[in-house]
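There's a structure below that I have some questions on.
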Amino acid sequence: MEIFPIIALLGALALATVLIIRRRPDLRGGPPSPRLNRAIPRDPATGLSNRHGFIETGTKALTRAGDRVVAVIAIDVGPEAPAGAIGDVAPAITAMLPTDTLAGVVAPAQLACLLTVESHSPNAPDQLAGRLTSLLAQQDRAAARTATIGLARSDREGNSIERLLEAADIAATVARTRGERSLWFEKEMAVQRRARDTIAHSLPEAIESGAIAPYFEPVVDLQGGELLGFEVLARWEHPVHGTIAPAHFIDIARENNLISDLTLSVMRQALAAAKDWDTRLVLSVNFAVPEMRDPWLAQKVIRLLTELGYPPSRLEIELTEGALMDPHGIAPSIIESLKAQGVRVALDDFGTGVSSLTHLRALPFDRIKIDHSIITAMMDDPARASIADAILRLGESLHLPIVAEGVESTRIAERLRAMGCTIGQGYLFGQPMSLMQTRRMLAEQRLIPATVTSQRLAG
């Protein structure tokens, strides 16, 4: 016997191969030859196949499949995942894959699996997706726990690995937007993907031109009804499609690394417009997790305030619990820098994440915002009401004002007052308004100079 095949086999087994081979009764096919396995182009971080290698080996699997079905499963950790997140979960995923499953890193945030299924076991991909979902939910890293899974199969989407990968990728993206953990690809998803691509293509120009404009949601004193300020939201004023809600473009901005440009553009417009408003009114602006990884974020905000002549004390930056827990972020230093310049900082969506109380005690937050999902459901859900009450008591002990988001009825407002909550926002006090609508409201409440109001409305 020649010694080379034996050495090659031992070498292949020592590496983290793209094929995990275990005997399972529902799948067929044999392992690739050692020479073929060694020649597959690999992802350097994980040792798995890269996209080119996955397509090359998957195409051969399709050719050998005959009347069997080839399924592709895409595991996507999402646009906000830190670099290398897919590599962190790759070992756990590949360790549990069934017989003859090809695995590869096909995108920076995506790992794909390919398996050949017998016609008498059509549920094998669903079963594997279920096991993967359970596995990911048990991981320590947030990127793994929030990963989504898309599935596609050759008997529906055609005999091309590239097409199957694209279909599975689309399904994973749609699953994320729908709040699902896994979905099979459907034809209408491709239409949605084309719409997303159109938005992505138009987004940079829309940001630069100011077509994505600020809208203002009132924040009020629950006890006396006094207007305290606004949360700044984004709306795309599209010349063809009208006003586009942020749900249709925020995720796309994150995926295309445009979220920082978008936030700063909307904030610039809002601050410029609010300079002449009553000095008691504060504007709150949300910053996403990826933005809190920017070491220059505080400097960018301070530079913008200086350029516009807007008082730092009338700006509040909101960040989520995810930003505090992000191992790749630098939220504490950004908070400290902004606070040193007089900018307020609030912890947004509190009650839904895994923030440590240590952060609340150690970082100089100005207030906490209870997530709207807790407030809107608390009248019918005693558990949510208990959570809201616990957060209010926590705020008292830390001397932090609490803002209740999602106040949509007088019943909720009355309940919050009885619980001791002093600040609220939600549709009860008004839906997000355009700049023109906001100025009219402020003029009616004498919170903006009359001469300036007349000039703006006339213009």
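Starting from the amide H of residue 70, placed 1.01 Å from N in the peptide plane, find each other amide H under 5 Å away whose residue is 5 or more places distant or on another chain.
Those lying under 5 Å, H to H, from residue 70 are 117, 154, 155.
Arranged from highest to lowest average of other beta-carbon atoms within 10 Å per residue, in what order do the peptides 332-345, 234-247 appear?
Working: 332-345: 18.0, 234-247: 13.9.
Final packing ranking: 332-345, 234-247.
Moving on to the next point. Over what distance in Å are the Cα centres of the range 148-183 and the range 192-266 separated?
First find each Cα centre; the distance between them is then 28 Å.
Please work out how much length the chain gains when fully extended from residue 241 to residue 127, using 0.36 nm per residue of separation minus the C-alpha to C-alpha distance, in nm with one decimal.
37.0 nm
³J(HN,Hα) across the range 247-260 via Karplus (A = 6.51, B = -1.76, C = 1.60, θ = phi - 60°), whole Hz, x for Gly/Pro?
Running phi through 6.51 cos²θ - 1.76 cosθ + 1.60 with θ = phi - 60° gives 4, 8, 9, 5, 4, 5, 4, 5, 4, 9, 6, 10, 5, 5 Hz.
With each run of n ≥ 4 DSSP H residues scored as -39500 (n - 2.57), what mean residue ellipticity at 222 nm is computed for the chain after dividing by its residue count and rounding to the nearest 500 deg cm²/dmol?
Working: 20 runs with 214 residues, N = 459.
Value at 222 nm, helices only, nearest 500: -14000 deg cm²/dmol.
A further question follows. Taking Cα centroids, how far is the range 380-414 from the range 287-366 in Å?
Cα centres, the range 380-414 to the range 287-366: 22 Å.
Follow-up question, since we're still on this one. What per residue convex hull volume, in Å³, do the alpha-carbon atoms of the chain yield? Kindly include the intermediate steps, with their values, before the conclusion.
Working: hull volume 77.1 nm³, N = 459.
Cα convex hull per residue, to the nearest whole number: 168 Å³.
Skipping prolines and chain starts, which residues have an amide H placed within reach, meaning under 5 Å, of the one on residue 235, given they are 5 or more residues away or on another chain?
213, 215
Apply the Karplus parameterisation 6.51 cos²θ - 1.76 cosθ + 1.60, with θ equal to phi minus 60°, to every residue of the range 53-61 and state each ³J(HN,Hα) to the nearest whole Hz, in sequence, with x for glycine and proline.
The phi angles translate into x, 5, 5, 4, 6, x, 4, 5, 5 Hz.
Fewest to most neighbouring Cβ within 10 Å: what's the order for 232, 106? Please report the intermediate quantities before stating the final value.
Details: 232 25, 106 29.
With the fewest neighbours first, 232, 106 line up as 232, 106.
Quick check: net charge around residue 379, other residues with Cβ under 14 Å of its Cβ, Lys/Arg +1 and Asp/Glu -1? Provide the component values of the computation, followed by the final result.
Numbers: positive: 384, 411, 415, 417; negative: 380, 381, 389, 408, 414.
Summing Lys/Arg as +1 and Asp/Glu as -1 gives -1.
Does the range 195-458 classify as rounded, prolate or oblate by the C-alpha gyration tensor (a ≥ b ≥ c root eigenvalues; a/c under 1.5 gives rounded; else a/b over b/c gives prolate, otherwise oblate)? Please report the intermediate quantities before stating the final value.
Values: a/c = 1.40, a/b = 1.17, b/c = 1.20.
Here the range 195-458 falls in the rounded category.
Within a 10 angstrom radius of the beta carbon, how do 201, 248 rank from fewest other beta carbons to most?
Going from least to most buried by this count: 201, 248.
By how many nm would the segment from residue 83 to residue 163 lengthen if fully extended, with 0.36 nm per residue of separation less the alpha-carbon distance? Intermediate results must be reported in sequence, preceding the final value.
On the way: separation 80, 0.36 × 80 = 28.80 nm, distance 2.59 nm.
Length gained between residue 83 and residue 163: 26.2 nm.
Would you mind putting 405-411, 283-289 in packing order, based on average other-beta-carbon counts within 10 Å, highest first? Spell out each step's value before the answer.
Numbers: 405-411: 16.3, 283-289: 22.7.
So the peptides 405-411, 283-289, ranked by packing, come out 283-289, 405-411.
At 0.36 nm per residue, and after removing the present C-alpha to C-alpha distance, how many nm does the segment from residue 408 to residue 447 gain when stretched out fully? Write down the numbers at each step before the final one.
Numbers: separation 39, 0.36 × 39 = 14.04 nm, distance 2.43 nm.
Gain on extension, residue 408 to residue 447, equals 11.6 nm.
Taking H placed 1.01 Å from N in the peptide plane, check which residues at least 5 places from residue 284 or on another chain put their amide H under 5 Å from its amide H.
230, 231, 232, 316
Which whole-Hz couplings ³J(HN,Hα) result when phi for each residue of the range 422-437 is put into the Karplus expression 6.51 cos²θ - 1.76 cosθ + 1.60, θ = phi - 60°, listed in order with x for Gly and Pro?
Per residue, the Karplus-derived 3J(HN,Hα) values read 10, 10, x, 8, x, 5, 4, 9, x, 7, x, 10, 5, 4, 5, 5 Hz.
Laboratory data are not the source of any read-out in this text; all were calculated from the coordinates shown. Because the structure is a prediction, the values reported are computed rather than measured. Cβ atoms come from the backbone with ideal geometry, glycine included; neighbour counts cover every protein chain shown.
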